[in-house]
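Trainee: First, the structure itself, so that you have it in front of you.
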């Protein structure tokens, strides 16, 4: 990698933040009141990649008139990504998060009933919540990670209404405990594992990769991050992961249009070799992302710990995109062949190329600009149907 490109990589996240502030607001887009769900992470910890806001007064009025909460719901996801059929029955999609949301199942029930999805309950065998040891006693509750938890189970519901959902809650957001929760999810029979968290890659993460994220025959997806073009995030940068970038999704004249979301993480790994199935010209190592989906303006029901904002909120971040794609993989019924992104690269005709938008400043290079063909912020593009999965 050239010195100039290394400088661009280090400046990418700052550029993305400036770009995000400079972009005008759009329908369903995060506003000045958007808050990161997990605002900080200590040494050796991951942070979740969701951000949320309460609906605006205009959105509240519209919701009252239409009986539809603000943001994109399951019908929008099905329409935009051409999800048809009734696949997913018998497939288990695992969600791995830190801490607990004690109202997650109650809010999931409200979400699914509001949008006409079939029930998914513990009693019915569709929903299961365990701690990182597989037991029923939850870890400490946390409102920030609570948003992430509510988002994840509801996003999987939106893209795969018939999938079973396994929520594994780690004791805390340390890399080790989160990794143990991933192993627990696999041990409990997960076909797909969704990881909406991460941290800057570092030398000893290579040990974490082999200890917690190498699972043959299990599809693992990971959010690419919410800091734009810059340092690659792990676990997304691990070659075993399907790294999911983010898009803005808008409907114009009856057609859906996707562009890159300004915060979508992208970068060139400093530690992980480029897989043989990934080929792009300006990064000799593993490049993030592989595919992309909505990261802006998803409807979530969360009534834990948000005070006067308890209820319907609007959530963004690549934390939305990862569980959406995880649900689509579950719906496709082909998870055992997606223990890396290889299959997706070999079936890229099933993706819609995302062109337009950027996540930082890199001289217009594909590593931070959504161009024709592969690019960093959106990877190969977004699913259109399930053939790529």
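Trainee: Cβ contacts < 8 Å: first residue on the phi < 0 side of the Ramachandran plot and without any contact (Cβ under 8 Å) to a residue 12 or more places away in the chain, restricted to region 295-315; second residue surrounded by fewer than 24 Cβ atoms within 10 Å (Cβ to Cβ) and outside any strand (DSSP E or B), any location; separation 6+ or different chain. Result?
Mentor: 310/303; 310/304
Trainee: Across region 75-98, what is the total count of residues that are surrounded by fewer than 19 Cβ atoms within 10 Å (Cβ to Cβ) and on the phi > 0 side of the Ramachandran plot?
Mentor: The total comes to 3.
Trainee: Please verify whether residue 356 is over 25 Å from residue 164 (Cα atoms) and without any contact (Cβ under 8 Å) to a residue 12 or more places away in the chain, treating the condition exactly as stated. Quick ask: steps written out before the conclusion?
Mentor: On the way: over 25 Å from residue 164 (Cα atoms): yes; without any contact (Cβ under 8 Å) to a residue 12 or more places away in the chain: no.
When the stated conditions are applied, residue 356 does not pass them.
Trainee: Could I ask something else about it? Looking at region 264-273, can you tell me whether even one residue there is part of a loop (DSSP other than H, G, I, E, B), touching a residue at least 24 places away in the same chain (Cβ under 8 Å) and within 16 Å of the chain's Cα centre (by Cα)?
Mentor: Looking only at region 264-273, we keep the residues that are part of a loop (DSSP other than H, G, I, E, B), and these are 264-265.
Checking which are touching a residue at least 24 places away in the same chain (Cβ under 8 Å) leaves us with 264-265.
Next, from what is left, pick out any that are within 16 Å of the chain's Cα centre (by Cα): 264-265.
Looking for residues that are part of a loop (DSSP other than H, G, I, E, B), touching a residue at least 24 places away in the same chain (Cβ under 8 Å) and within 16 Å of the chain's Cα centre (by Cα), one finds at least one in region 264-273, hence yes.
Trainee: Quick one: count up the residues across region 85-123 that are assigned to a loop (DSSP other than H, G, I, E, B), modelled with pLDDT of 95 or more and closer than 30 Å to residue 213 by Cα. So that I can check it myself, show each step before the final result.
Mentor: From region 85-123, those assigned to a loop (DSSP other than H, G, I, E, B) are 85-91, 99, 101-103, 115-123; that's our starting set.
After this cut, where a residue has to be modelled with pLDDT of 95 or more as well, the list is 87-91, 99, 101-103, 115-123.
Next, from what is left, pick out any that are closer than 30 Å to residue 213 by Cα: 87-91, 99, 101-103, 120-122.
The total comes to 12.
Trainee: Something else now. Only one residue in 198, 144, 189 is closer than 23 Å to residue 264 by Cβ and outside any helix (DSSP H, G or I), so which one is that?
Mentor: Values: 144 fails: outside any helix (DSSP H, G or I); 189 fails: closer than 23 Å to residue 264 by Cβ.
None of the others qualify; the one that does is 198.
Trainee: Consider residue 82 carefully, then state whether it is over 18 Å from residue 189 (Cβ atoms) and in a loop (DSSP other than H, G, I, E, B).
Mentor: Judged against the criteria, residue 82 is a match.
Trainee: State all residues of region 247-263 that are surrounded by 21 or more Cβ atoms within 10 Å (Cβ to Cβ) and farther than 25 Å from residue 284 by Cβ; if no residue qualifies, say none. If you could, list the steps in order and put the result at the bottom.
Mentor: Within region 247-263, the first condition is being surrounded by 21 or more Cβ atoms within 10 Å (Cβ to Cβ), and the residues that meet it are 247-249, 258, 260-263.
247, 248, 249, 258, 261, 262, 263 - these are the residues of region 247-263 that are surrounded by 21 or more Cβ atoms within 10 Å (Cβ to Cβ) and farther than 25 Å from residue 284 by Cβ.
The values are calculated or read from the model by the stated rules, or taken from the named source; none is laboratory data. Source: prediction; values computed, not measured. Don't worry about glycine lacking a Cβ; one is built from the backbone with ideal geometry, like all the others, and counts go over all protein chains shown.
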